[in-house]
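To keep things clear, I will list the structure first and then write my remarks on it.
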Amino acid sequence: MGCYVQEAGDRILEFEGVNMVLGNVTKYNILDYISQIENGQSIADVKTINEIDWSSSSYSTFFEDSIISDSRRTRANLKVQEGCDYYCSYCIIPYLRGPSRSRDYKSCIQEALDLQARGYKEIVLTGINIGTYNYKDKNLVDLIQGLLETTDLRRIRISSIEPDLVSEALIDLIGDEKRLCRHLHIPLQHGANKILKRMNRRYTVEDYSELVRKVKARMPDICLGTDIMTGFPGETVQDYREMYNNLKKLPVWHYHVFRYSAKKGTRAYELSDKVNSKKIKERAQKLRQLGHKKKVQVLENYPGKKVEVLGEQLDNKNYVTGYTDNFIRVKFKGKEQDVNNIRAVSVKSVNNETLLGELGDE
């Protein structure tokens, strides 16, 4: 199921071990097909991009999945938005998932309450372009305020959000509310304005820099993450160096580094000035090294401090691993009852990209 299937179509049935193929607009029919699969049948229900009329009411509204995970994970995703209208030149998602549409406000609140009742301490608000959430008179900030007012969830985390959609109201809300995680993942994609323009992004490097510095000034301990892409058609050595140098200066230290991959059907697919794959791989590796170096520099400020950690798993040596609200991985000696609970941990040292600590007073 999902975007790859939507793009590749029913030929995936030819893969060994595959007996059901569902596209993005048909995956919600999965329960209808279970009995047929159990009887040994193969199912292919994929509409091609050209066959989907996104303006149809069947596809232009947010489909609410009635299935809630009952796993032992401590962090649950709450999907509140689907689709995207941005049409970045490298991205196939708008063609595969359709226009931006938002989930019913009351439904979001109700599922959050259901997740809370199941014992989850943290939820992550997710979507394809979450900053465009707009249900009737409610925007993303309104939704978050509603979740804060109606639930007792210990943590609410926001997933990736576009730079032009990080509002002053959102920054202030995160700064004021302790239950909102001090963590924003704001995709930059590239650090050279020439490439950003070719990507059809909606900001400049200067805009992005002003935004993240404003956020950092408001919340010094916030984790600012970003997506970075190298190897986009037309990226010269100078463009790459400009990106690298800008990233060194920005107060962003959690990197997701991607190598450009051409997607048929996007505008970038038609561009002829491709970058050599070996160069792309080398550039991506250097960006990952830069991200690692910057992250370790941040973590080296933590020994001697106390942090609050939501324990996620216990290993066979009785070490609990979890995350702080600002998305730092922490490991400490603990017990089963420390999993899915928030504990105060005294940080002792740094090991690679993980803080090592001891359980302290809550």
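The values are calculated or read from the model by the stated rules, or taken from the named source; none is laboratory data. Please read these numbers as outputs of a predicted model, since none were measured by experiment. Note that we place each Cβ from the backbone using ideal geometry, even for glycine, and neighbour counts take in every protein chain shown. What goes into the accessible areas is simple: the full protein's heavy atoms, side chains included, and nothing from ligands, DNA or RNA. Shrake-Rupley method; radii C 1.70, N 1.55, O 1.52, S 1.80 Å.
Short-range pairs are left out: with C-alpha atoms under 8 Å and at least six residues apart, the relative contact order of the chain is 11 percent. For the chain, the list of Cys residues with no other Cys C-beta under 4.7 Å reads 3, 84, 108, 181, 223. Evaluated at q = 0.16, 0.23 Å⁻¹, a Debye calculation over the C-alpha positions of segment 245-338 (equal weights, vacuum) places log10 I(q)/I(0) at -0.84, -1.15. Sorted from greatest to least, the principal axis extents spanned by the alpha carbons of segment 110-256 come out as 53, 31, 26 Å. Karplus-derived 3J(HN,Hα) values for segment 18-35, using 6.51 cos²θ - 1.76 cosθ + 1.60 with θ = phi - 60°, are 9, 10, 8, 10, 10, x, 5, 8, 10, 5, 6, 8, 4, 5, 5, 9, 4, 4 Hz; glycine and proline are entered as x. Principal axis extents of the Cα atoms in segment 90-177, from largest to smallest and rounded to whole angstrom, are 39, 28, 24.
Ignoring aspartates and glutamates fewer than eight residues from residue 293 along the same chain, the ones with Cα atoms less than 18 angstrom from its Cα are 221, 227, 282, 353.
Dividing the Cα radius of gyration of segment 191-249 by its Kirkwood radius returns 1.00 for Rg/Rh.
Too long at a 23 Å Cα-Cα cut-off: which of 121/306; 79/194; 248/274; 249/286; 47/263?
Values: 121/306 20 Å; 79/194 34 Å; 248/274 26 Å; 249/286 16 Å; 47/263 18 Å.
With Cα atoms farther than 23 Å apart: 79/194; 248/274.
From most to least packed by mean Cβ count within 10 Å, the peptides 2-10, 221-229 give 221-229, 2-10. Ellipticity at 222 nm from helices only: DSSP H runs of n ≥ 4 in the chain, each -39500 (n - 2.57), divided by the residue count, give -9000 deg cm²/dmol. Near the amide H of residue 313, within less than 5 Å, lie the amide hydrogens of 321, all on another chain or at least 5 residues away, with H placed in the peptide plane. A 1.4 Å probe run over the chain, with the rest of the protein chains in place, finds 51 Å² accessible per residue.
Here, P(r) means the percent of Cα pairs in each 10 Å bin from 0 to the largest distance; for the chain it is 5, 20, 28, 29, 16, 3, 0.
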